[in-house]
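Participant: Take this structure, written in structure tokens, and hold onto it; I'll ask about it next.
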Amino acid sequence: MARLSVESSTSTTLVMDGREVLAFAGCNYLGLAQHPAVLAAAAEGLGRFGISTTASRETTGNTVVHDALERDLAAFTRQDAAILLAEGYTANFAVAQGLVPTHGIALVDAKAHRSIRNAATAAGMQVMEYEHLNPDSAAWLVRQYADQGVAIFTDGIFAADGAIAPLEGLLRVLPSRRGTLVVDDCHGLCVMGEGGRGTVNHLGLDDPRLCITTTLAKGLGCYGGAVIGRQMLVDSIREGSDVYRRSTPVPTPIAMAARAALGIIATDSALVDTLRANTDRCREALGRCGIGVHGDPVPVFTFVLDGGITRMERVHADLRDQGIYAPLIEYPGGPSPRYFRLTVTASHRAEQIDRLGEAFASALQLSAC
Ligand SMILES: Cc1ncc(COP(=O)(O)O)c(C=O)c1O
């Protein structure tokens with residue numbers, strides 16, 4: 001598939017091939033990547049710190065901003081502590097490195113993000129898959145291997161099918177000793193739960209065996225990653241994880257931007273509330289076209305159309321002709337090898353979402369002829 005090359009973007013539009021289109025793409029769920037206060041914080045950070053710390057945090061590359069962002073992330077998610085990593089991808093490597101001394105086994109949801117499996121394998125854990133969203137399938141494996149220490153890894157929200165992980169069921173099957181449930185909440189943080197506090201909060205869970213990994217590049221609209229959870233785990237990553245200790249942290253201006261972004265949602269749930277309303281409106285708009293999607297407050301809609309790939313390509317092209325970019329992607333874990341994956345954000349205006357619905361209706365009608 002041809003790779004998209006974006007020439008410029010706002011939180012709702014892209015310029016591609018010299019033409020501006022209304023976009024329902026990406027993971028800038030709250031539009032914070034373009035928020036004026038976030039951009040101002042990044043600009044201030046550039047002036048105060050330059051681009052890079054040029055060293056790892058445990059040598060000379062730590063700043064008060066990194067320390068404060070860790071405290072902010074822990075407070076926002078109501079966990080003990082947090083530790084920053086360069087990306088969400090490496091956050092999974094760090095958590096696996098922190099867990100491996102006491103957890104020999106990694107049980108990974110079959111549709112979990114690829115970074116999880118790679119992280120657990122690289123850390124030296126024995127990796128096994130359990131059936132997607134099925135705690136019973138994990139339970140069987142837990143029983144076989146409990147004496148070696150078991151970490152269950154799952155996405156909180158699965159971006160390729162929009163599903164919410166059955167965290168309560170997974171906690172139920174997890175051993176009480178040497179058992180940890182790692183929730184990769186890249187798509188849940190800033191989106192799910194009270195004021196965007198994430199999937200663990202959405203499901204009302206509070207358990208010392210839980211820990212969260214996340215990106216700062218989606219809901220927060222910035223860049224970077226973090227592991228958030230109990231103090232002992234964060235300490236073991238800080239002391240023993242090479243991926244943390246031997247790499248340069250998130251650039252300080254970006255860490256300042258992430259603090260500003262988190263501050264916006266920590267003090268006011270308006271953006272998260274708007275995202276929920278837009279998610280409902282988008283679901284209804286698609287539903288009016290006969291496209292059935294999940295009923296959860298997840299702003300990601302994945303689906304295929306009757307008529308197969310040829311029809312989907314026609315609809316995709318027709319939408320582009322109408323000035324709308326609705327991604328037709330090829331990515332593991334979705335409902336078929338190629339499928340539509342639309343995202344709605346807090347920045348979309350109601351009339352833009354209605355326009356998406358009308359454009360889909362007309363493209364579907366045309367492609368049926
Ligand atoms: C579930 C999940 N985990 C991890 C990552 C990696 O995060 P980052 O892009 O910050 O490396 C992503 C990003 O695509 C993701 O969707």
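The values are calculated or read from the model by the stated rules, or taken from the named source; none is laboratory data. Predicted model only: the values in this text are computed from it and were never measured. Note that each Cβ is placed from the backbone with ideal geometry, even for glycine, and that neighbours are counted across all protein chains shown.
Participant: Are there any helices (runs of 4 or more DSSP H) wholly within the range 64-167 with 3 or more residues that are among the acidic types (Asp, Glu) and outside the structural domain of Pro327 (by TED's automatic domain parsing), and if so which?
Facilitator: Those helices (runs of 4 or more DSSP H) span 64-77.
Participant: Can I ask one more? Yes or no: Gly219 in a loop (DSSP other than H, G, I, E, B), within 12 Å of the chain's Cα centre (by Cα) and of a type outside the set (A, V, I, L, M, F, W, C)?
Facilitator: Answer is yes for this residue.
Participant: For the structure I just gave you, tell me whether Asp161 is modelled with pLDDT under 95, within 15 Å of the ligand (Cβ to nearest atom) and of a type in the set (Asp, Glu).
Facilitator: Against the criterion (modelled with pLDDT under 95, within 15 Å of the ligand (Cβ to nearest atom) and of a type in the set (Asp, Glu)), Asp161 qualifies.
Participant: Could you list, in sequence order, all residues of the range 137-171 that are more than 24 Å from the chain's Cα centre (by Cα) and either on the phi < 0 side of the Ramachandran plot or acidic (Asp, Glu) (or both)?
Facilitator: Ser137, Ala139, Trp140, Leu141, Val142, Arg143, Gln144, Tyr145, Ala146, Asp147, Gln148
Participant: Quick check on the range 297-338: of everything there that is assigned to a loop (DSSP other than H, G, I, E, B) and hydroxyl-bearing (Ser, Thr, Tyr), which residue is nearest to Leu286 (Cα to Cα)?
Facilitator: Among those that are assigned to a loop (DSSP other than H, G, I, E, B) and hydroxyl-bearing (Ser, Thr, Tyr), it is Ser336.
Participant: Within the range 180-231, how many residues are among the charged types (D, E, K, R) and either closer than 17 Å to Val243 by Cβ or at pLDDT below 95 (or both)?
Facilitator: 1
Participant: Moving on. Restricting attention to the range 203-224, and to residues there that are over 16 Å from Ala75 (Cα atoms) and surrounded by 23 or more Cβ atoms within 10 Å (Cβ to Cβ), which single residue is nearest to the ligand (Cβ to nearest atom)?
Facilitator: The qualifying residue nearest to the ligand (Cβ to nearest atom) is Thr215.
Participant: Okay, moving on. Just a yes or no: is a residue in the range 41-50 at pLDDT 95 or above, part of a loop (DSSP other than H, G, I, E, B) and over 24 Å from the mean Cα position of the chain (by Cα)?
Facilitator: Yes, the conditions are met somewhere in the range 41-50.
Participant: State the number of residues belonging to the range 339-369 that are of a type outside the set (Lys, Arg) and not in a helix (DSSP H, G or I).
Facilitator: Number satisfying all stated conditions: 10.
Let's see how each residue does on (1) within 16 Å of the ligand (Cβ to nearest atom); (2) buried (at least 16 other Cβ atoms within 10 Å of the Cβ); (3) farther than 30 Å from Thr121 by Cβ:
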position	(1), (2), (3)
Pro36	no, no, yes
Thr54	no, no, yes
Val65	no, yes, yes
Leu73	yes, yes, no
Ala86	yes, yes, no
Phe93	yes, yes, no
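Participant: Take the range 264-296 and flag every residue that is of a type in the set (Asp, Glu), more than 16 Å from Gly162 (Cβ to Cβ) and assigned to a loop (DSSP other than H, G, I, E, B).
Facilitator: Once the filter is applied, which keeps residues that are of a type in the set (Asp, Glu), more than 16 Å from Gly162 (Cβ to Cβ) and assigned to a loop (DSSP other than H, G, I, E, B), the range 264-296 yields only Asp268.
Participant: Do the conditions hold for Val200, that is, is it β-branched (Val, Ile, Thr), surrounded by 24 or more Cβ atoms within 10 Å (Cβ to Cβ) and either part of a loop (DSSP other than H, G, I, E, B) or within 13 Å of the ligand (Cβ to nearest atom) (or both)?
Facilitator: So Val200 does not fit the description; no.
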